[in-house]
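One structure is given below, encoded as structure tokens.
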Amino acid sequence: MSEHNISSQKTVASVSLGRGLELKSPVLLASGTVSYGEELSQLCDFSKIGGIVTKAISLEPRAGNQPPRIAETPSGMINAIGLANVGVDCFIKEKMPFLRTLNTAVIVNIAGRSIDDYCDVVSLLDAVDGVDGYEINLSCPNVKGECMIMGVSRDATFEIVSALRRITDRHLMIKLTPNVTSISAIALAAEEAGADSLSLINTVVGMAVNYKTRKPLLKNITGGLSGPAIKPIALAKVWEVYNAVKIPIVGMGGIAGFEDAMEFFLVGSRAVQIGTMNFVYPDISEKIATAIEQYFSAPGATSLRDYCGTLLTA
């Protein structure tokens, strides 16, 4: 565990994801929706949530895809940002000082073009205080090739997670894509290679077009669909993976309120990430975290741990 300012106070909704990653709340901010945290911190009390997952960090700075790269869709949005980021050196120098001040867990999302890229970024960050774990992005659907290739291959997933496990003792959370034939096969490969937890789902490949101009709304043509529209897909994938692996699952995909989060717990998530709805209600994660805490604090309520994965199918 890093030495930055994280309160050790336990709550009824505190969760452990293993290998030192202890969350005061099961609610995390999802990567790509809160940048590096500083902007949203003025609108949301991070001390009330379990942690922040940073924007994806790569070895070198990336400009991302050409605009337009975001479009609103019914019950969601589609994006093709292309993993734009400042690069690991700038991240360590300019973004980590703020992240160290947060009274919540800091998980760094990592993307790369090759296994060596992922390993180099983790090696550099491993020497930096203030990082509680890594979310390994093997599943971005709007970057041609690169991490998406790894995330749809069982063998490639096993290889990269094994390589990362050899070089870090910090928590490894592997982010999975729904854009595969069998997400449970990829999940098992990550677990066998040494992953501590799994986060799912990443966005669903989609597109949006204008019938009048006959053009796509995104320069990249296709992108990643997120928001409430994908919640049924996400629930099904979490349930599938929960019944295949033993390591903790962090569920995401269309969570817009307390009830949605509870549904993810029911199908097997131990924690959840809030993404697209941060754009609509910047303090939504704080409100969901508070509602979860109140629910499990009520007289006679079961514990969150005992509630997770208790879907009745008979």
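Points worth noting:
- Filtered by the rule that a residue be touching a helix residue (DSSP H, G or I) at 6+ places or on another chain (Cβ under 8 Å) and of a type in the set (S, T, Y), the stretch 99-136 gives T104, Y118, S123, Y134.
- G76 closer than 14 Å to E286 by Cβ, touching a Ser or Thr at 6+ places or on another chain (Cβ under 6 Å) and in contact (Cβ under 8 Å) with a residue 12 or more places away in the chain: no
- Selection of the stretch 75-106 for residues being surrounded by 16 or more Cβ atoms within 10 Å (Cβ to Cβ), within 18 Å of K24 (Cβ to Cβ) and of a type in the set (V, I, T) yields T104, V106.
- Taking the criterion of being hydrophobic (A, V, I, L, M, F, W, C) and touching a Lys or Arg at 6+ places or on another chain (Cβ under 9 Å), the residues of the stretch 26-43 that qualify are V27, V34.
- If the condition is being among the small types (G, A, S) and either in a loop (DSSP other than H, G, I, E, B) or over 15 Å from G251 (Cβ atoms) (or both), then the stretch 185-228 contributes A185, A189, A190, A193, G194, A195, G206, A208, G223, G224, G227.
- Lone qualifier among K231, K237, K246, K287 - being part of a loop (DSSP other than H, G, I, E, B), modelled with pLDDT of 95 or more and more than 17 Å from V53 (Cβ to Cβ): K246
- Neighbours by Cβ (under 9 Å, 6+ apart or cross-chain): first from the stretch 11-25, buried (at least 23 other Cβ atoms within 10 Å of the Cβ); second aromatic (F, W, Y) and not in a strand (DSSP E or B): A13/Y295; A13/F296
- Positions within the stretch 98-118 being under 15 Å from T168 (Cβ atoms), assigned to a helix (DSSP H, G or I) and either within 19 Å of the chain's Cα centre (by Cα) or polar (S, T, N, Q) (or both), in sequence order: Y118
- Total residues in the stretch 64-74, condition at pLDDT 95 or above and either surrounded by 21 or more Cβ atoms within 10 Å (Cβ to Cβ) or among the small types (G, A, S) (or both): 1
- The residue that is nearest to the chain's Cα centre (by Cα), counting only those in the stretch 167-184 that are in contact (Cβ under 8 Å) with a residue 12 or more places away in the chain and in a loop (DSSP other than H, G, I, E, B), is L176.
- Filter result (among the hydrophobic types (A, V, I, L, M, F, W, C), in contact (Cβ under 8 Å) with a residue 60 or more places away in the chain and crowded, with 19+ Cβ neighbours inside 10 Å) within the stretch 265-283: F265, A271, V272, I274
- Single residue of A261, A256, A289, A298 found to be of a type in the set (A, V, I, L, M) and surrounded by fewer than 17 Cβ atoms within 10 Å (Cβ to Cβ): A298
- Test for S139: is it surrounded by 24 or more Cβ atoms within 10 Å (Cβ to Cβ), farther than 21 Å from G50 by Cβ and in contact (Cβ under 8 Å) with a residue 12 or more places away in the chain: yes
The values are calculated or read from the model by the stated rules, or taken from the named source; none is laboratory data. Everything numeric here is computed off the predicted structure, so don't read it as measured data. Backbone-built Cβ (ideal geometry, glycine too); neighbour counts: all protein chains shown.
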